[in-house]
Amino acid sequence: MEESIQEIGAEMGNIKISDEVVAIIAGIAAMEVPGVAGMSGGIAGGIAEMLGRKNLSKGVKVEVGEKEAAIDLYIIVEYGCRIPDISWEIQEKVKKAVETMTGLQVIEVNIHVQGVNIEKEFKKDTVDESLKAK
């Protein structure tokens with residue numbers, strides 16, 4: 001007689017995955033996408049705060065039910081990257097990572113682009129201008 005995984009889990013006890021764990025998984029998956037400069041802690045005084053790798057869950061909001069999860073990611077993209085392409089790739093990677101690692105069904109992954117990182121472009125232009133001046 002075959003038993004499903006859910007039935008076995010019910011006999012042995014329940015498994016509850018915390019929102020923080022799902023948020024960290026989603027944050028790591030999002031940061032692996034080329035073009036993502038960082039996660040955003042939200043708008044503080046009109047400026048998006050870029051968070052490093054230690055705070056990946058801070059740019060992620062999750063709602064976890066018994067079998068489903070909804071995820072909101074607040075990101076900063078690199079200047080020059082195509083935002084729709086980056087967003088689609090983030091959605092795919094986050095959905096796959098969360099579903100594979102937790103067994104939860106991800107019903108939505110919402111992307112909120114909070115800013116554009118122009119530091120690399122700005123530094124390049126500044127260096128180019130200083131070389132031209134010499």
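Details
- Sequence-distant residues sharing a close amide H with Cys81 (under 5 Å, placed H): none
- Phi angles of region 103-119 translate, via the Karplus equation with coefficients 6.51, -1.76, 1.60 and θ = phi - 60°, into HN-Hα couplings of x, 6, 8, 8, 8, 7, 10, 9, 9, 10, 7, 9, x, 10, 8, 10, 4 Hz per residue; Gly and Pro are given as x.
- Under 5 Å, built H, 5+ apart or other chain: amide partners of Val106: Ala69
Values in this text are rule-based calculations from the coordinates and carry no lab data. Because the structure is a prediction, the values reported are computed rather than measured.
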